[in-house]
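Take a look at the structure set out below.
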Amino acid sequence: MILFTADWHVKLGQKNVPIKWAINRYRYFFEQVYELESQCTMHIIGGDLFDRLPNMEELELYFSFIRGVTIPTIIFDGNHEATRKNKTFFTQLKNASAKLNPLVEIVDYLSLIHIS
């Protein structure tokens with residue numbers, strides 16, 4: 001079975017949402033995703049994992065999630081990961097993500113060009 005998720009929109013520092021509360025909410029969400037992953041053979045994240053260019057705390061959340069992944073996971077970039085036309089900050093996360101957990105593969109615009 002394949003798990004498909006999208007539109008996580010990880011974002012901290014929203015008005016009237018305490019950062020500590022938001023971090024705990026995302027960690028709880030990650031635990032739920034891991035539980036679903038345990039019943040699947042692959043996880044596809046279909047974009048908009050972040051809501052904007054992430055800050056350090058948001059990147060820490062992302063890498064804590066990546067660290068816990070136990071099945072092949074493909075992450076596609078979405079329009080919220082775009083920094084300008086045909087550019088995405090996920091390109092910079094590709095190598096670090098793969099080194100941290102080889103089960104995780106990021107597919108960005110540049111990856112798609114090389115496939116064509």
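The values are calculated or read from the model by the stated rules, or taken from the named source; none is laboratory data. Keep in mind it's a predicted model, so treat the numbers as computed, not measured. Reconstructed Cβ throughout: ideal geometry from the backbone, glycine too, with neighbour counts over all protein chains shown. Ligands, DNA and RNA are stripped out before the accessible areas are found, and what is left, the full protein with its side chains, is counted by its heavy atoms. Shrake-Rupley method; radii C 1.70, N 1.55, O 1.52, S 1.80 Å.
Quick one: ranking Tyr28, Tyr62, Tyr34 by accessible area, 1.4 Å probe, largest first, what do you get?
My answer, sorted largest first, is Tyr28, Tyr34, Tyr62.
In the chain, if the dipole is taken from +1 on Lys/Arg beta carbons and -1 on Asp/Glu beta carbons about the Cα centre, which of Leu61, Met1, Cys40 is farthest to the positive end?
The Cα lying farthest towards the positive end belongs to Leu61.
So what's the net charge close to Lys94: Lys and Arg +1, Asp and Glu -1, counting the other residues with Cβ under 11 Å from its Cβ?
Cβ neighbours under 11 Å give a net charge of -2.
To the nearest 20 Debye, how big is the dipole of the chain about its Cα centre, given +1 on the beta carbon of each Lys and Arg and -1 on that of each Asp and Glu?
About 360 debye.
Full extension from Asp51 to Tyr34: what is 0.36 nm times the residue separation minus their Cα-Cα distance, to one decimal in nm?
Stretched out fully, the Asp51 to Tyr34 stretch lengthens by 4.0 nm.
Which residues' amide hydrogens lie under 5 Å from the amide hydrogen of Val104, considering only partners 5 or more residues apart or on another chain, with H built in the peptide plane?
Answer set, sorted by chain and number: Thr73.
For the ranges 17-24, 44-51, what's the packing order if you count other beta-carbon atoms within 10 Å of each residue, average per peptide, and put the highest first?
44-51, 17-24
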